[in-house]
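Q: Pasting a structure here, questions to come.
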Amino acid sequence: MAATVSGGSLGRWFEQLCRIRQPTLRLIVTDSKEALRPNNLPYSGGVYAFWWTGNQNLLGQRNRDLVLHGPGGRDVHLMIDDDWLGLTTELPIPLYVGKTADSIASRVGKHLRLKDARMLPCGGDAKKAERPTTSCQLRGGVEHLFPDVEDTRTLILDNIGLSYVELDGDAHAANRFYLEDLAIGLMHPPLNVDIER
């Protein structure tokens, strides 16, 4: 069966993606904080979003300077200000939007890397640090925002929530692509920012 685009459903899927299903990630991890509880997230493909649902003052006081590797090797400096985050709205803040063809549960687990107390070295500066894998953008981004927290698991589990839309199988490949792009374009999640080469 060939993949098709369900353009008329895109808005409804986006609306669903904006509904937080897990207000904190602590609700879906084991007591040891080292793994996701089985059967709490879908093992099917889809689009997902991580949200800051905790104390906004905590997020508002953190490192919000970001230096990315840009074209020609030059540094590109960004400032994640209150307006970008939408702090004045006092609503949950979208941090990262992603997609997966196979398993939302597996992909969330890779983002969280719960076996590690911290993934990046403590005390980082504005320059975006190299992550150990290409699939842990959320954890790397949070550790950039909070460079002095030695064990970021508790911070993440108590202050970040999750939403998702199941769009499984090859028939939804284009729909996952467009929904992720739409969500990034409308939500402006800071941990998705990349600079063209």
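The values are calculated or read from the model by the stated rules, or taken from the named source; none is laboratory data. Because the structure is predicted, anything quoted here is derived from the model rather than measured. Glycine gets a Cβ as well: all are built from the backbone with ideal geometry, and neighbour counts include every protein chain shown. These area figures cover heavy atoms from the full protein model, side chains too; ligands, DNA and RNA do not enter into them. Shrake-Rupley method; radii C 1.70, N 1.55, O 1.52, S 1.80 Å.
Q: Can you pull out every residue in the stretch 10-33 that is loosely packed, with under 14 Cβ neighbours inside 10 Å and over 16 Å from the mean Cα position of the chain (by Cα)?
A: GLY11, ARG12, GLU15, LEU27, THR30, ASP31, SER32
Q: Pairs, please: C-beta under 7 Å, at least 6 apart or cross-chain, first residue touching a residue at least 60 places away in the same chain (Cβ under 8 Å) and open to solvent by 20 Å² or more (accessible area, probe 1.4 Å) and in the stretch 179-191, second in a helix (DSSP H, G or I) and of a type outside the set (Asp, Glu)?
A: Cβ pairs passing all conditions: LEU182/LEU10; LEU182/PHE14; ILE184/ASN192; HIS188/TRP84; LEU191/GLN137; LEU191/LEU138; LEU191/GLY141.
Q: Report, ordered by the first and then the second residue, all pairs with beta carbons closer than 9 Å, sequence separation of six or more or different chains, a first member in the stretch 74-103 that is without any contact (Cβ under 8 Å) to a residue 24 or more places away in the chain and of a type in the set (Asp, Glu), and a second member that is buried (at least 16 other Cβ atoms within 10 Å of the Cβ) and outside any loop (DSSP other than H, G, I, E, B).
A: Here the result reads ASP81/LEU87, each pair linking the stretch 74-103 to a residue that is buried (at least 16 other Cβ atoms within 10 Å of the Cβ) and outside any loop (DSSP other than H, G, I, E, B).
Quick grid of which residues meet (1) open to solvent by less than 30 Å² (accessible area, probe 1.4 Å); (2) more than 15 Å from LEU25 (Cα to Cα); (3) in a helix (DSSP H, G or I); (4) not polar (S, T, N, Q):
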residue: LEU58; (1), (2), (3), (4): no, yes, yes, yes
residue: VAL67; (1), (2), (3), (4): yes, yes, no, yes
residue: LEU78; (1), (2), (3), (4): no, yes, no, yes
residue: LEU91; (1), (2), (3), (4): no, yes, no, yes
residue: GLY98; (1), (2), (3), (4): yes, yes, no, yes
residue: SER106; (1), (2), (3), (4): no, no, yes, no
residue: ASP116; (1), (2), (3), (4): no, yes, no, yes
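Q: Hey, among the residues in the stretch 147-197 that are among the hydroxyl-bearing types (Ser, Thr, Tyr) and out of contact with any strand residue (DSSP E or B) (no Cβ under 6 Å at 6 or more places or on another chain), which one's nearest to PRO23 (Cα to Cα)?
A: Among those that are among the hydroxyl-bearing types (Ser, Thr, Tyr) and out of contact with any strand residue (DSSP E or B) (no Cβ under 6 Å at 6 or more places or on another chain), it is THR154.
Q: Quickly run through the stretch 107-136 and pick out the residues that are touching a strand residue (DSSP E or B) at 6+ places or on another chain (Cβ under 7 Å) and modelled with pLDDT under 90.
A: ALA126, LYS127, LYS128, listed by residue number.
Q: Since GLY161 meets every condition but one in (1) part of a loop (DSSP other than H, G, I, E, B); (2) modelled with pLDDT of 90 or more, which condition does it not meet?
A: The single condition GLY161 does not satisfy is (1).
Q: THR4 fails exactly one of the following numbered conditions: (1) modelled with pLDDT under 90; (2) polar (S, T, N, Q); (3) farther than 27 Å from LEU179 by Cα. What is the number of that condition?
A: With respect to (1) modelled with pLDDT under 90; (2) polar (S, T, N, Q); (3) farther than 27 Å from LEU179 by Cα, THR4 is out only on (3).
Q: What are the residue pairs meeting all of these: first residue in the stretch 34-54, first residue farther than 13 Å from LEU157 by Cβ and hydrophobic (A, V, I, L, M, F, W, C), second residue in a loop (DSSP other than H, G, I, E, B) and open to solvent by 20 Å² or more (accessible area, probe 1.4 Å), Cβ atoms under 6 Å, and 6 or more apart or on different chains?
A: Correct list of pairs: TRP51/ILE20; TRP51/PRO92.
Q: Moving on to the next point. Is there a residue being closer than 25 Å to LEU78 by Cβ, among the hydrophobic types (A, V, I, L, M, F, W, C) and surrounded by fewer than 22 Cβ atoms within 10 Å (Cβ to Cβ) anywhere in the stretch 154-163?
A: yes
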